[in-house]
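To start, the structure itself, in structure tokens.
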Amino acid sequence: MKALLVLGVLASAASASVLSGPAGAKVRPPTGNGAESVASAAWPAVAAQLAKNIATASFAHDYERVWGYLHPTYRQAVSQSHWRRCQGAHPAVPRSVTITRVSVASATELPIQLSLLGRRNVQEIQLLVHFTRPGVATPQLAVLYTFWLKQGRTWTAVWLSDEYGAYKAGRCYVTPQGPPLY
């Protein structure tokens with residue numbers, strides 16, 4: 001999962017614009033298109049809740065549960081023991097950090113070329129993570145990116161190509177910003 005440390009104050013919240021069309025026409029496709037408003041007909045409620053669940057499990061270092069959310073094709077292609085060692089070496093949140101709240105910041109449908117799965121439309125769920133850490137008086141925020149693929153009625157987490165490539169090559173995946181929430 002990619003994470004980006006947000007320093008300072010979050011200045012704006014994401015909002016979806018309403019598309020205009022001919023009278024009586026649907027203004028938004030039923031599968032979602034771009035950033036969707038929370039509770040709109042196209043809001044991916046299940047994927048959004050799963051994103052919060054996987055983040056909570058990751059923050060609690062419950063790696064067995066996190067692994068269970070991953071698409072079966074990736075679970076078969078990458079050693080769980082290697083992935084687990086990477087999670088332990090580069091946890092999403094160090095034990096000294098306290099997560100105070102996790103909320104969904106936005107959801108965007110994206111067409112992406114996925115390793116092993118081909119070109120698919122995935123749901124990017126951005127989570128806003130509120131946290132505190134010792135020695136810092138003010139609460140801090142981070143944005144955590146998760147990616148979900150819907151097949152039938154089932155949503156599973158997927159890795160983007162750079163993350164999959166790192167694990168498949170026997171390396172650990174760490175974002176360009178370093179381990180998240182440091």
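For every other residue with a beta carbon closer than 9 angstrom to the beta carbon of PRO111, add +1 if it is Lys or Arg and -1 if Asp or Glu, then tell me the sum.
Its environment carries a net charge of +1.
Working from the pairwise distances between different alpha carbons, so that the mean of 1/r is found and then inverted, what is the range 70-162's Kirkwood radius in Å?
Kirkwood radius, the range 70-162: 15.2 Å.
What FRET efficiency would be calculated for the residue pair SER79, ARG119, taking the C-beta separation as r and a Förster radius of 25 Å, to the nearest 0.05?
The pair SER79/ARG119 has a calculated efficiency of 0.45.
The numbers here are math on the coordinates, done by the rules we state, and not lab data. Being a predicted model, the structure only gives us computed values, none of them experimental. Glycine gets a Cβ as well: all are built from the backbone with ideal geometry, and neighbour counts include every protein chain shown.
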